[in-house]
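No lab work stands behind these numbers, since they all come straight from the coordinates. Keep in mind that what you see is a predicted model, and the values were worked out from it rather than measured. Cβ atoms come from the backbone with ideal geometry, glycine included; neighbour counts cover every protein chain shown.
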Amino acid sequence: MKRVSRSRRRGIRRGQVCWNILAVILSLTVEPSYAQSRKPTAQEVAAIHDCVMKNKDDIDQGERQCLFSLVADRCIGDVGAASNRKLTDCYEIEGSIWDDLLNQNYKRLLDTLDDEQAIKARAMQRAWITYRDTTCQFYWDKIQGTMANHMKAACVTRETARRAMLLDFFIRF
C-alpha cells in the first residue's frame with residue numbers, strides 16, 4: 001500500500017472542505033422548485049365555480065370576489081415570505097381553473113350561435129388571445145427578471161378570468 005504524504009492529505013482535506021462549504025452555500029441560495037407542483041383541488045375548482053355563479057350578473061363584482069382570493073392568495077400564504085417561483089405557481093394553478101372555465105364557456109357559447117355569429121366569435125376569441133398574450137408578455141418585456149414571471153402569470157390568470165365571465169354573460173343573452 002502506498003503512503004500519502006502529510007501535505008498531500010491536508011490538500012485533499014482542504015479540497016473536501018471547500019466542496020462541502022460550496023454545497024452548503026448553494027443549498028441555501030437555490031430557490032425550491034414549485035413548477036407545476038400540483039393541479040387544482042376539487043374544492044378550489046368548486047369554490048371558483050360557485051363564486052362565478054353567485055356573481056354571474058355582475059362581472060366586476062365577480063372579479064372582485066372570485067379572482068385570486070379563493071385559490072392563489074391561499075396557496076401563496078404570506079406573500080412577503082413566498083418565493084417568486086411559488087407566486088408564479090400559485091397564479092398558474094388558479095389560472096388553470098379559469099382556463100378550463102373559459103374553454104367550457106366558449107364551447108357553450110358556440111353552441112348557441114348561428115354559423116355567421118360563430119365565425120365572428122372565433123375571430124373575436126383569436127383577437128382576445130393575441131391581446132392577452134401580448135399584454136401579459138409586456139410584464140417580462142418591461143420588467144424582466146424573476147419578478148416579471150409571477151406578474152405575467154397573474155396577468156394571464158386575471159385576463160382569462162375576466163374573459164371566462166364575459167363569455168358566460170354572452171351565453172345568457
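Between the beta carbons of Asp73 and Gln117, assuming R0 = 41 Å, the FRET efficiency works out to 0.65 to the nearest 0.05. Take the Cα of Arg172, step 7 Å toward its Cβ, do the same at Glu63, and the gap between the two points is 1.7 nm. Each of Phe68, Phe138 was scored by other Cβ atoms within 10 Å of its Cβ. Arranged with the fewest first, they read Phe138, Phe68.
Remark: His49, His150 ranked as His49, His150, counting other beta-carbon atoms within 10 Å and listing the fewest first. With a cut-off of 19 Å on the backbone N, the residues of the stretch 136-155 near the modelled label site 7 Å out from Thr130 along Cα-Cβ are 136-139. By the beta-carbon count within 10 Å of each Cβ, the least crowded to most crowded order of Leu110, Leu87, fewest first, is Leu110, Leu87.
How many angstrom lie between the Cα centre of the stretch 80-103 and the Cα centre of the stretch 104-156? Cα centroid to Cα centroid, the span is 16 Å.
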